[in-house]
1. Filter the range B:48-76 for residues that are small (Gly, Ala, Ser), surrounded by fewer than 18 Cβ atoms within 10 Å (Cβ to Cβ) and assigned to a helix (DSSP H, G or I) and give the result.
2. Can you pull out the residues in the range C:75-101 that are farther than 21 Å from C:Ser183 by Cα, facing chain B (nearest Cβ under 10 Å), out of contact with any Gly (no Cβ under 8 Å at 6 or more places or on another chain) and not in a strand (DSSP E or B)?
3. Out of B:Ile163, B:Ile179, I need the residue that is at the interface with another protein chain (Cβ under 9 Å from one of its Cβ atoms) and in a helix (DSSP H, G or I). Which one?
4. Has the range A:273-287 got at least one residue that is in contact with a helix residue (DSSP H, G or I) (Cβ under 9 Å, 6 or more places away or on another chain), at the interface with chain B (Cβ under 8 Å from one of its Cβ atoms) and in contact (Cβ under 8 Å) with a residue 12 or more places away in the chain?
5. Does the range A:213-225 contain any residue that is closer than 23 Å to A:Met67 by Cβ, touching a residue at least 60 places away in the same chain (Cβ under 8 Å) and not aliphatic (A, V, I, L, M)?
6. Can you work out which of the residues in the range A:122-134 that are outside any helix (DSSP H, G or I) and not polar (S, T, N, Q) is farthest from A:Tyr249 (Cα to Cα)?
7. Would you pick out the residues in the range B:139-163 that are closer than 17 Å to C:Lys129 by Cβ and either without any contact (Cβ under 8 Å) to a residue 60 or more places away in the chain or buried (at least 18 other Cβ atoms within 10 Å of the Cβ) (or both)?
8. Report, ordered by the first and then the second residue, all pairs with beta carbons closer than 7 Å, sequence separation of six or more or different chains, a first member in the range B:76-105 that is farther than 29 Å from A:Lys208 by Cα and more than 7 Å from chain A (Cβ to nearest Cβ), and a second member that is assigned to a helix (DSSP H, G or I) and among the aromatic types (Phe, Trp, Tyr).
Amino acid sequence: MRSKESTLNKAPASHANPLNAYPMKEHGFIDFLVITAGFLLITPILSVHRVTDFMIFCIFVMSFDLMYGYMGRLSFGHMLFLGTGAYGSGLFIRYVSGNPLLAIMAGIAVAGLLGMLLGLIIVRTTGACFALINLAFNQIGFFLVLSPLRQITRGEDGFGVSASKLGFLNFGSRPIMFGFVLFCLLLVFYLLKRLTSSPFGIMLRSIKEDETRVRFLGYNTFLYKWLGFALAGSLAGLAGTLTALNYNYVNPNAMDVHSNVGVVFASLIGGAGTLYGALVGGVVYMVISNFLPIYIHRWEMFLGFSLLIITFRFRKGVWGYILSLWEYGIKKRLLRRSTEEVANR
Amino acid sequence: MIYTIVYGFTIGAILYFISIGLSLTFGTMRVINFAHTLTYTMGVYALITLVALFKGYFALVAILSVILVIPISYVIERFVIRRLYGESLDYTFIATFAVSLIGVDAIKWIWGVNPYPMSDPIGKYLMFWGLSLPIYRILIVMIAILLFLALNTFFKKTIVGKIVVAALEDKDGVRCLGINVDKYFSIVFVLGSALAALGGVLYAPISSIHPYMGLSILLLSFAVVIVGGMGNLNGTFLSAFALGMVMAITARYWSQGAETMVFIVMAIVLIFRPIDI
Amino acid sequence: MLEIKNLDVAYGHAKALHDISLNIETGQTAFLIGRNGAGKTTLLKTIIGLLKPLKGSITYQGNEISALSPEEHYLKGLRYVAQEKKVFSNLTVRENIEIAAYASGEPVDMALDKITSIYPKLKDFLKTKAGQLSGGQRQILLVGRALVGEPKLLLIDEPTQGLAAIVIEEIVSILSGLRDKVSAVIVEQNLAMVNRLADRIYILKEGKVAREIVERSEISDTRGLEEYL
C-alpha cells in the first residue's frame, strides 16, 4: 500500500465527518430512554457511587468534545474549568450559603466567566498553540490553588463540602445524587444535541472544516469560537460542581493537569464529534482506568498499545466504528433489496 | 546568589540537551513528540544498571547508556513517528503519548516504581571567591556549550546539516531537488533522542530518579521550544538557559513556583507570538 | 514526451482539475495560461508528484509517473520551480546549488560553472545568503538550481511575476537559450513572453482545458488570448 497521501490530497485536517456519519433524528425521547436504561443497567454490576462518577466524567467528556469534536480544537488543559467549577461551588458552600443549587450555579458561573476571559486570548490560536496555552493556564491554575491562595483553598489538603438539604434534594444520599447527576447528564445531552444541530452548531463545524472560507462569507468566526469555548468551559464547570458535591470534598486534584489525558483518550476512544461517542468513550475509559488495573497488572502498557491501534486503524473510535458497521449493514441490505428487485423483473 | 546562577545554568544546560531534539522534530516533521523524554528516562535507567555493573568509570558508562538508547529511538521513529507525518495534532499526541505510556510502564515493570538514589560522581568542588561550586555542574554547562558549537558546525558545514536547514524552511523544495528528506529527518530524530538521553544521564546524579521523571521535564522542554522557536537552534539554546535561570531565581524566593513561572512565560510568549501548526 | 490523459485532481473533497488532457513533444515549450484559480499551479504540482490525481494518467517518455514521489521525478529529469520563489534563505547561493547538485551526482563546481555561464552575474553573489537576494536574482537562482544535473523537462510556475522589466528580459533570454535542449511547461500571465517562447499553449479555465493552441499564427494573436486571463 502506498503512503496515505496517495489516496487523497491533504485537505484541512478533519476527523470523522459528523454530518454524514449519523442522520439527524428527532427522537429526543428515545435518546433519553436509551441513555437512562444504559446507565441503570450497569449500576447493579458496579455500584451507585461508581456509576455516578462515570456520569460526571461523561458530562466532562461531552463538554470537551464540544471543543474538540465540533470545533476541532484540542486542549490539554480542560481540567482547569472542571477544577474552577469544583472550587467555585465548594467555596460558595463554605463561605456563602449551603444551598446546593445556588452553589452549582455559582460554580458554573465562575467557570463560564473564566472561559469568557481566557477565551478572548486563547481562541485566537489553533493547533499545538491552543493545546499548549490551555495546558499552561491549567498548570497556573493548579499552582494558584495549591500555593498563593492557600488561605482560602486550604492548598494541598483541600476542604470538605457539605451542602444543606433543599427540599427532597439531599446530596448526602447516594441514590439522590445519582438521580440528580443523571438528570444533569440528560440535560447537557439535550442541550448539546439541540445546539449542534442548530445553525450555531453547523457554524462551529464549518469553522472546523475551513475557517477562512467562513470568514470570507462575512461571519465573525471569533465570536462563535469564543462562545463555543466559554460554553465548553461552563459545562466542564458543571461537571466540577457535581464532583465537589459527590465527594463532599475539593482539593487540587480537581485541577490536575495529568487528568487531561483521560478526557482526551475518552473522546478518541468513543469517537470525536458525536454525543453518543462521548458517552461511550467516557464509560469505556472509566471502566478501563478503574477496573483494568485489577485484572491486568500492566494495564498502562495495554492501554498504550490499544491507543496505538486505535490511532492507526480505528480513527473513528469505538462508537464511530459501530456506526460505520451499522451503515455498512444498511447499505448491504439496500443493495440486496435492489438486486432482488432487478432479478424479479 | 552565585549558587543560584550556577544552578540556573545547570538546569538550562539539561533543558538544552532535551529541547534540541524536540525542537528539531517539531520543526522538521511537524510532529509533537510526547514520547521524546522517554529516551531521557531510558538513558537514566540504563545508566543506573550499568553503574551497578561497572563501579566507577562514570564517563564510560554514561556514553554507553546513551548508545544503548539509540536502537529504541530508531524503533519509535520507524514504527510510530514516520506514520505521523502530516497528521493532525490530536493523533500525534495520542500516538506519542501512548508510546510513552508503554515505555514508562515497561520501566516500572523492570525496575520498579521506587526512586533510585545516586550521587555526584565527581564530588569535588571548585573554590571560587570563597564559595565552593560543584565541579560536576560546571562540567555539565561546559558540555552544553560544546554541544552548541558542535551542532552549529554540523548544520553550517556538513552537507547533511545544510539539507536539514534547507528542509526546515522548504521541505517540498528539497524534495523536488531529488533528496529523500524523510530519511534525514529520521537521522535527526535519533540524534535528538540520543541528546535527550545524554541530558538524562548527566542530570541523573543530581536529580531524583523515578519512572515518571521524563514526564515532568517534558512539559518544561515544550516551554523551552515554544519560547525559543521551533526548529530554531540558536533560539533553543538561549531560551533553555533563560528559562533555567527563571526557574532557579524563582525557586530561590518561591520554591514551589519555579515550574509555574516557566509556564507563565510560555503563555505570555504564545499570546504575543502564536505558532502555526 | 509528456502526455496527460483525463486527469482529475482534488484537494480533499474539492475538485480542482477535471478531465485534463495535454501533450508536449520533446524540445517543446508549452505555456499554461488562465485566470487565478484556474488550476495551473495544481496541474504543475501534480505532474511533479506533490499532488496525486484521483484518476487519469501522466505518461513521461512512455512511462506512467503519476504515482511517483517528487524525488523520483527528479531522477527522471523533471524539475519544478514553484510560484512562491522560495529559496533556501539561510544558505548561501553556492550552498543552494550544492544542495541542488547533491542528488544529481554532478560535482558542485561543474554545476556552478554551468549556471554562471548562462548567467555570469551570479558569480558575484555566490557567498551571499540567498535570503538577501532580490526577487529577480532569486528567480534566476531557482532556475539555476533546476538546471543542475541533466534536466529534461522544466515545470516553471509564473517566473516573471512581480519582477522588473529588465529582469524579465534576462529570464526570457535564458529560457530562449534553453529551447530545444530542454522541454518546458511554463505557467505565465505575461503574454509577450508567451508569444516569444511558446510552441503550444493550453488555456485553463475553472479546472478544464478550454483551448489548445498549436499553430504559430494563433499564438501571436495576443488579444484573443487576453480574454482568458
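The values are calculated or read from the model by the stated rules, or taken from the named source; none is laboratory data. All of these numbers come straight from a predicted model, not from anything done at the bench. For neighbour counting, all protein chains shown are included, and Cβ atoms are generated from backbone atoms with ideal geometry for every residue, glycine included.
1. Pass one, the range B:48-76, residues small (Gly, Ala, Ser): B:52, B:56, B:59, B:62, B:65, B:73.
Checking which are surrounded by fewer than 18 Cβ atoms within 10 Å (Cβ to Cβ) leaves us with B:52, B:56, B:59.
Across the range B:48-76, the qualifying residues are B:Ala52, B:Ala59.
2. C:Glu84, C:Leu91, C:Glu95, C:Asn96, C:Glu98, C:Ile99
3. Criteria check complete, one pass: B:Ile163.
4. Let us first name the residues in the range A:273-287 that are in contact with a helix residue (DSSP H, G or I) (Cβ under 9 Å, 6 or more places away or on another chain), namely A:273-287.
Now restrict to residues that are at the interface with chain B (Cβ under 8 Å from one of its Cβ atoms): none.
Within the range A:273-287, none of the residues are in contact with a helix residue (DSSP H, G or I) (Cβ under 9 Å, 6 or more places away or on another chain), at the interface with chain B (Cβ under 8 Å from one of its Cβ atoms) and in contact (Cβ under 8 Å) with a residue 12 or more places away in the chain.
5. Filtering the range A:213-225 down to residues closer than 23 Å to A:Met67 by Cβ leaves A:213-215, A:217, A:219-225.
Among the residues that remain, those that are also touching a residue at least 60 places away in the same chain (Cβ under 8 Å) are: A:222, A:225.
Okay, now just the ones that are also not aliphatic (A, V, I, L, M), so A:222, A:225.
Scanning the range A:213-225 turns up at least one residue that is closer than 23 Å to A:Met67 by Cβ, touching a residue at least 60 places away in the same chain (Cβ under 8 Å) and not aliphatic (A, V, I, L, M).
6. Residues of the range A:122-134 outside any helix (DSSP H, G or I): A:123-126.
Keeping just the survivors that are not polar (S, T, N, Q) gives A:123-124.
On the way: A:Val123: 32, A:Arg124: 35 Å.
Checking each candidate, the answer is A:Arg124.
7. Step one: list which residues in the range B:139-163 are closer than 17 Å to C:Lys129 by Cβ, which gives B:152, B:155-157, B:161-163.
Listed by number, the residues that qualify are B:Phe155, B:Lys156, B:Lys157, B:Gly161, B:Lys162, B:Ile163.
8. Close Cβ pairs (under 7 Å, with a partner that is assigned to a helix (DSSP H, G or I) and among the aromatic types (Phe, Trp, Tyr)) amount to B:Glu77/B:Phe189.
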